[in-house]
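Here the structure comes first, spelled out in structure tokens, and everything after it is commentary.
The values are calculated or read from the model by the stated rules, or taken from the named source; none is laboratory data. Bear in mind the structure is a predicted one, so any value in this text is a computation, not a measurement. Methodologically, a virtual Cβ is constructed for each residue, glycine included, from the backbone with ideal geometry; neighbour enumeration extends over all protein chains shown.
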Amino acid sequence: MKRIYLESLIGLFACFMASIFAYEVTVYQWTTDYEFVLYDYEALAHQQLISNIATNQGVEAAEEAIAQFADMTRHIVTTFPLGQGAPSEVVEFFKAQSDMPVLFDDDRDLWFHFPGSDAIYRYAPDEEAFVRQKIQLEDDLLWLFFSLSFVIYASGHLFVIHRRVKKLERATLGFASGDFSIRAETRSGSAIGTLNRSFNLMADKIQHLIDSNRALTNAVAHELRTPVFRIQWQAELLKDTPLDQDQRATIDSIVEDTEEMEGMVDELLYFAKLDNQKLDLEKSRFELSTYVDKLIPRWQKETKLTLAMTSHLNTDYQLDADKHQLKRALDNVVRNAFKFAESQIDIHLVEKEKYLCIEIHDDGPGVDEEHIAHLFEPFYVGNKARNKGKSGHGLGLSIVEKICQQHGGYASVKRSTKLNGALFTLCLPKCNSEPDKPIQ
């Protein structure tokens, strides 16, 4: 953002200087400079006056007048007898232009001669004169104040735009973080043209689409429960009737499928609940390593894989969380690891700045980089190698992320450097930035 404003300021200043340069070229090079024409008239008048003095009073009187004029106008007069020492282009000019007794060179120094004298005279500004130094200072100050005024105006204008852009940026970031009620200010003192109004229009449409999607998901999930229950109930009734072996196997498959659908509906409803509102978490303070250590035996009963937990935490650190919600999140991640691990799952408890984190490593195939950014999205299935039987419905990890966010934390996934499989990390805020003192 700073770079944009700096580039804008430099660009405006460059445009300003370019306009001044264009003015100089247009006025002083491409068209007649009538100020210089006036100087030519004044030089001719001065030369004629000196010529009249020389004719009537002699060359010495004319040279005295030249010296007096130079002294009064803060010039330095230089005499070149017979043109000796004068630039060759000046000498050639007066030889070729006998009817033009005056010449301004590139430095705007005045050269002239008059009848009765073989010398060529030059007026050059006396740069050491006090008056001329003050004039130069005033010219420099004029440019300085002109440039500073432009910079101050441009900076102030950019500052106002910067404030408005920052307000819009905050609204954008808040909207992106999930607060769909945020809108940009549309007051004249805060709006950037019609951009704020356009942002609000976009936000309204996005919120409407999201609300419609949530309502549809919630409605479909609720409507599915009744037919699924009916199918289960009828299948159970059929199991009590005389059936051959193939029919009984078919009924068992139907019951298994309906139980899977029931689980998906439950997950869908729970995800909709997490996504739609802020949960009333039943938080309590507890020591994380002790809590996770009690869950290990229960998980171990469900698998033949080797489970191990290592705590790198100071035992004084406590977590302020909803144990039931945290257990659900951990169950989802650990059971997900059951599906893909080859032989081992390691759980590490670590501290990361203001968070206490639970790292779950497995020695499975891991997650490809292309899937990592989308793995916590609802209904997203990662690696093709992870078939439907292993991947489930794609809601488990979304629920994990929502639970972490409800606690003010986050969830992430990457490749494990310990077991070369997947590494899922669940981070929740600590109770304090400093370790809590144990209760006496």
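State which residue is surrounded by the fewest Cβ atoms within 10 Å (Cβ to Cβ) when the search covers only the stretch 97-133 and only residues that are in a strand (DSSP E or B) and touching a residue at least 60 places away in the same chain (Cβ under 8 Å).
For the stretch 97-133, the residue satisfying everything is Phe104.
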* **Subset of the stretch 180-197 [over 20 Å from the mean Cα position of the chain (by Cα) and under 19 Å from Gln405 (Cβ atoms)]** => Phe180, Ser181
* To do: Taking Leu313 as the residue in question, decide whether it is assigned by TED's automatic domain parsing to the domain that holds Gly421 and at pLDDT below 90.
  => yes
* Asked: Name the pairs whose Cβ atoms lie under 7 Å apart, with the first residue in the stretch 161-182 and farther than 21 Å from Asp211 by Cβ and outside the structural domain of Phe199 (by TED's automatic domain parsing), the second among the acidic types (Asp, Glu) and surrounded by fewer than 16 Cβ atoms within 10 Å (Cβ to Cβ), and 6 or more positions between them or separate chains?
  -> Lys167/Glu185
* To do: Evaluate the following for Phe94: is it touching a residue at least 40 places away in the same chain (Cβ under 8 Å) and either under 30 Å from Leu9 (Cβ atoms) or surrounded by 13 or more Cβ atoms within 10 Å (Cβ to Cβ) (or both)?
  => no
* Structure fact -> Of the residues in the stretch 192-233, those that are out of contact with any Leu (no Cβ under 8 Å at 6 or more places or on another chain) and closer than 30 Å to His157 by Cα come to Gly193, Thr194, Arg197, Ser198, Asn200, Leu201, Met202, Ala203
* To do: Output yes when any residue across the stretch 183-190 is surrounded by 10 or more Cβ atoms within 10 Å (Cβ to Cβ) and assigned to a helix (DSSP H, G or I), and no when none is.
  => no
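Might you check whether a residue that is out of contact with any strand residue (DSSP E or B) (no Cβ under 8 Å at 6 or more places or on another chain), β-branched (Val, Ile, Thr) and at pLDDT 85 or above occurs anywhere in the stretch 393-402? Step through it out loud before you land on a result.
Narrowing the stretch 393-402 to residues out of contact with any strand residue (DSSP E or B) (no Cβ under 8 Å at 6 or more places or on another chain): 393-396, 398-399, 402.
Then drop every residue that is not β-branched (Val, Ile, Thr), which leaves 399.
Still in the list and also at pLDDT 85 or above: 399.
There is at least one residue in the stretch 393-402 that is out of contact with any strand residue (DSSP E or B) (no Cβ under 8 Å at 6 or more places or on another chain), β-branched (Val, Ile, Thr) and at pLDDT 85 or above.
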* Given the conditions (1) surrounded by 15 or more Cβ atoms within 10 Å (Cβ to Cβ); (2) among the hydroxyl-bearing types (Ser, Thr, Tyr); (3) in contact with an Asp or Glu (Cβ under 8 Å, 6 or more places away or on another chain), report the number of the one that Thr310 does not fulfil. => (1)
* Asked: Does the stretch 229-238 include one or more residues that are in contact with a Ser or Thr (Cβ under 6 Å, 6 or more places away or on another chain), surrounded by 15 or more Cβ atoms within 10 Å (Cβ to Cβ) and in a helix (DSSP H, G or I)?
  -> yes
* Asked: Is it the case that some residue within the stretch 298-310 is acidic (Asp, Glu), within 27 Å of Ser398 (Cα to Cα) and part of a helix (DSSP H, G or I)?
  -> no
* Could you tell me whether any residue of the stretch 272-279 is free of Cβ contacts under 8 Å to residues at least 12 places away in the same chain and out of contact with any helix residue (DSSP H, G or I) (no Cβ under 6 Å at 6 or more places or on another chain)? => yes
* Structure fact -> Exactly one of Leu274, Leu281, Leu295 is under 26 Å from Ser177 (Cβ atoms), at pLDDT 80 or above and either of a type in the set (Val, Ile, Thr) or surrounded by 13 or more Cβ atoms within 10 Å (Cβ to Cβ) (or both), and that one is Leu281
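I need the full set of residues from the stretch 415-424 which are farther than 16 Å from Ile347 by Cβ and assigned to a strand (DSSP E or B), in order please. Break it down stepwise before answering.
If we filter the stretch 415-424 for residues that are farther than 16 Å from Ile347 by Cβ, which is where we start, we get 415, 420.
Of everything in the stretch 415-424, just one residue is farther than 16 Å from Ile347 by Cβ and assigned to a strand (DSSP E or B), namely Arg415.
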* How do the pairs read when you match residues in the stretch 41-56 that are in contact (Cβ under 8 Å) with a residue 40 or more places away in the chain and under 17 Å from Ala67 (Cα atoms) with residues anywhere that are part of a helix (DSSP H, G or I) and of a type outside the set (Lys, Arg), using Cβ under 7 Å and keeping only pairs 6 or more apart or on different chains? -> Ile50/Ala62; Ile50/Ala65; Ile50/Ile66; Ala54/Ala62
* Structure fact -> If we take the stretch 1-83, then helices (runs of 4 or more DSSP H) inside it with 2 or more residues that are touching a strand residue (DSSP E or B) at 6+ places or on another chain (Cβ under 6 Å) are 34-57, 59-72
* For the stretch 136-146, state whether one or more residues are farther than 30 Å from Ile50 by Cβ and not hydrophobic (A, V, I, L, M, F, W, C). => yes
* **Selection count, the stretch 323-336, where residues are buried (at least 19 other Cβ atoms within 10 Å of the Cβ) and touching a strand residue (DSSP E or B) at 6+ places or on another chain (Cβ under 8 Å)** => 6
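Can you tell me how many residues in the stretch 325-360 are touching a helix residue (DSSP H, G or I) at 6+ places or on another chain (Cβ under 9 Å) and either basic (Lys, Arg) or farther than 25 Å from Gly408 by Cβ (or both)?
We begin by selecting, within the stretch 325-360, every residue touching a helix residue (DSSP H, G or I) at 6+ places or on another chain (Cβ under 9 Å); these are 325-336, 338-340, 345, 347, 349, 356, 358, 360.
Still in the list and also either basic (Lys, Arg) or farther than 25 Å from Gly408 by Cβ (or both): 327-328, 335, 338-340, 345.
Here the count works out to 7.
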